[in-house]
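Shown next, in structure tokens, is the structure this report addresses.
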Amino acid sequence: MPGVLPSLPNSESYLCTGVAVPVHSLYITGFVPSARKDLVHHMMLIGCDAPVSVAGGQPNLWNCGGTLGEDSLSSPGTSCPGSNYSQTLFMWSLEGEGFIFPEDVGLPVGLNTRIQHLVLQVHYISNAGISRDTGDWSGVNVLYTKEPKPKAAGVLSMHVQGKVPPRTRMTWDSLCQVEGTAELEPFAFLGHTHSHGRLVSGWKIPRADEWISLGRSNPRAPQQFLPTPGNLTIKPGDILGSRCVLDNTDSDTEVVQGLTSHMEMCDFFLYFTVDISGLQLAQAEQQGKLSAAGQQCTNPGPPAFSWEKFGLRNIPRESVYAVDPK
């Protein structure tokens with residue numbers, strides 16, 4: 001953030017700032033976050049396919065969270081105004097750690113890719129302690145190299161938009177059919193909820209009664225990317241699923257999906273690699289090797305949708321029982 005002083009007219013604010021990617025190919029190799037959880041609920045780094053277009057206000061700072069914004073800034077309605085494509089590249093919450101890719105992996109941006117601009121989204125929940133002289137400089141240091149990597153990284157994500165009735169503990173489920181033409185190798189995941197979350201899990205579902213874990217996390221612990229278990233492969237057309245366990249048993253108020261820290265979210269982000277050795281980035285794009293990068297699947301919550309309602313069976317108990325806090 002460029003030394004911002006959020007006034008938080010609605011108690012919380014979503015602010016975005018961006019930077020253009022140089023006009024050549026780069027390979028991101030890691031992310032190092034810098035923020036305080038007493039000020040920032042979460043940060044998200046997003047790749048956009050076009051330069052950000054914001055009318056009025058400060059040229060490199062805008063509102064990007066619906067009604068959760070600053071009165072003095074423009075509100076274009078999205079984190080990537082002017083873009084037709086976006087991909088979440090990194091997420092941080094609750095003082096999670098950064099993430100460094102394996103040595104042979106890079107996330108391609110710039111020339112011959114669909115990512116031409118990087119946008120940082122910051123969800124502010126407090127302005128206490130921010131110096132009026134310097135403002136807040138929360139952000140993410142992006143590590144990169146110009147040297148091509150044999151494996152290209154991408155992010156696929158699953159989301160649920162639902163409601164949790166009062167005095168209820170329930171699950172929100174999502175399903176996603178993988179796009180593209182390339183075999184994917186997942187290597188890290190992150191589960192994200194707000195305060196009602198007790199467990200986030202991801203699964204590969206080869207058949208209606210077969211489940212292979214992509215990872216489980218406790219969303220009350222620092223939310224950071226964690227290694228996926230084992231050596232897994234995902235093929236185009238495979239079905240993936242995610243589940244969040246949400247607990248509202250101590251409240252008489254319904255909780256709905258939304259942007260504020262008092263509402264809920266249910267997100268599962270999956271890092272994967274694609275073998276592009278021997279290919280130029282333009283060739284990899286033309287062959288659909290990177291088509292799954294940026295794929296987002298969103299389902300409604302119950303009673304409209306659930307794994308059971310979809311006909312899935314033998315659902316693992318590990319998708320229901322929470323991970324012990326660390």
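The values are calculated or read from the model by the stated rules, or taken from the named source; none is laboratory data. Quick caveat: nothing in here was measured; it's all calculated off a predicted structure. Note: ideal-geometry Cβ built from the backbone for every residue, glycine included; neighbour counts use all protein chains shown. In case anyone asks, the SASA skips ligands and DNA or RNA and just uses the protein heavy atoms, side chains included. Shrake-Rupley method; radii C 1.70, N 1.55, O 1.52, S 1.80 Å.
The phi torsions of region 256-269, fed into the Karplus equation with coefficients 6.51, -1.76 and 1.60 and a -60° offset, translate into couplings of 10, 5, x, 8, 6, 5, 8, 8, 10, 9, 9, 10, 10, 10 Hz, rounded to whole numbers, with Gly and Pro shown as x.
From zero outward in steps of 10 Å, how is the percent of C-alpha pairs of region 201-302 spread across the bins? Calculated P(r), rounded to whole percents: 11, 35, 32, 17, 4, 1.
Between the amide H of residue 168 and those of 248, 249, 251, distances stay under 5 Å, these residues lying 5 or more places away or on another chain, with hydrogens modeled in the peptide plane. Residue-wise HN-Hα couplings along region 12-17, as the Karplus relation 6.51 cos²θ - 1.76 cosθ + 1.60 with θ = phi - 60° gives them from phi, are 9, 9, 9, 10, 10, 9 Hz; Gly and Pro carry x. Rounded to whole numbers, the Karplus 3J(HN,Hα) couplings from phi for region 148-155 are x, 10, x, 10, 9, 8, x, 10 Hz, using 6.51 cos²θ - 1.76 cosθ + 1.60 with θ = phi - 60°, and x at Gly and Pro.
Our summary of shape: the Cα atoms of the chain have principal axis extents of 58, 57, 33 Å, ordered from largest down, in whole angstrom. Take each peptide in 223-235, 85-97, count the other Cβ atoms within 10 Å of every residue, and average; sorted highest first, the result is 85-97, 223-235. Entry note, region 88-159: relative contact order of 50 percent, from Cα contacts under 8 Å with a spacing of 6+ residues. Per-residue extension of 0.36 nm, minus the Cα-Cα distance of residue 181 and residue 296, leaves a gain of 39.7 nm for this segment. Counting protein heavy atoms only, the chain has 49 percent of its accessible area on carbon and sulfur, 1.4 angstrom probe.
Taken over the Cα atoms of region 89-149, the convex hull encloses 126 Å³ per residue. Ranking 101, 131, 115 by Cα position along the charge dipole of region 92-150, where only Lys, Arg, Asp and Glu carry charges on their C-beta atoms, puts 115 farthest toward the positive end. Ranked by the mean number of other Cβ atoms within 10 Å per residue, highest first, peptides 27-35, 278-286, 261-269 order as 261-269, 27-35, 278-286. Its alpha carbons considered, region 35-121 gives a radius of gyration followed by a Dmax of 14.5, 45 Å. What is the Cα centroid distance between region 137-211 and region 1-79, reported in whole angstrom? That distance is 22 Å.
Rounded to the nearest 20, the Cβ-based charge dipole of the chain about its Cα centre (Lys and Arg +1, Asp and Glu -1) stands at 360 debye. Loop-located chymotrypsin sites (Phe, Trp or Tyr not before Pro) in region 137-221 (DSSP state other than H, G, I, E, B) with a sparse environment of at most 13 neighbouring Cβ atoms within 10 Å: 137.
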